[in-house]
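Data block below; observations after.
Computed from the coordinates by the stated procedures, all read-outs in this text should not be read as laboratory data. Bear in mind the structure is a predicted one, so any value in this text is a computation, not a measurement. Every residue, glycine as well, gets a Cβ built from its backbone with ideal geometry; the counts of neighbours run over all protein chains shown.
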Amino acid sequence: MEAKSTLTPATDLAQRNPVHFPNESAEYRKARNALLAEEIELRRHIERVAAQRRQLPPGGEVTRRYTFQGEHGPVTLEDLFGDKDTLVVYSYMFGPQRERPCPMCTSVMAS
């Protein structure tokens, strides 16, 4: 993300927004532009935090040999990575009376 000093101020961007609603009042437009400026600043803040997260040094080393239940039996954490350097973990949610995972919690896995 660009340095803050080179970004157009959020209030200026909000003022330039060409989207208006039919018959909106001046009071509504003023409030909507103020909200839009805050939303722009929020997005910029999220991007700054994400950049900080990406700059973090490596975390603690995994020293224990964890074993998980894979599709074809036990598998180590190292084996889960295969030839990849990134691992995505998704936890299935089981209710106390469920034999299968929650369909809403696992719907993303079917995509």
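Observations, loosely collected:
- Extension gain, residue 52-residue 83: 0.36 nm per intervening residue step, less the Cα-Cα distance, totals 8.5 nm.
- Burial ranking of peptide ranges 6-16, 33-43, 79-89, 56-66 (average Cβ count within 10 Å, highest at the top): 33-43, 6-16, 79-89, 56-66
- When the chain is described by a simple charge dipole with +1 on each Lys and Arg Cβ and -1 on each Asp and Glu Cβ, the residue from 86, 66, 45 located farthest towards its positive end is 45.
- Using equal-weight Cα scatterers in the Debye expression, the normalised intensity of the chain in log10 at q = 0.12 Å⁻¹ is -0.80.
- Taken over the alpha carbons of the range 67-110 as equal point scatterers, the Debye sum produces base-10 log I(q)/I(0) values at 0.27, 0.29, 0.33 Å⁻¹ of -1.02, -1.04, -1.10.
- Note, ³J(HN,Hα) from phi for the range 55-61, Karplus 6.51, -1.76, 1.60, rounded to Hz, x at Gly and Pro: 8, 4, x, x, x, x, 6
- 3J(HN,Hα) couplings calculated from phi for the range 23-32 with the Karplus curve 6.51 cos²θ - 1.76 cosθ + 1.60 (θ = phi - 60°) are, in sequence order, 6, 6, 7, 5, 5, 5, 4, 4, 5, 5 Hz; Gly and Pro show x.
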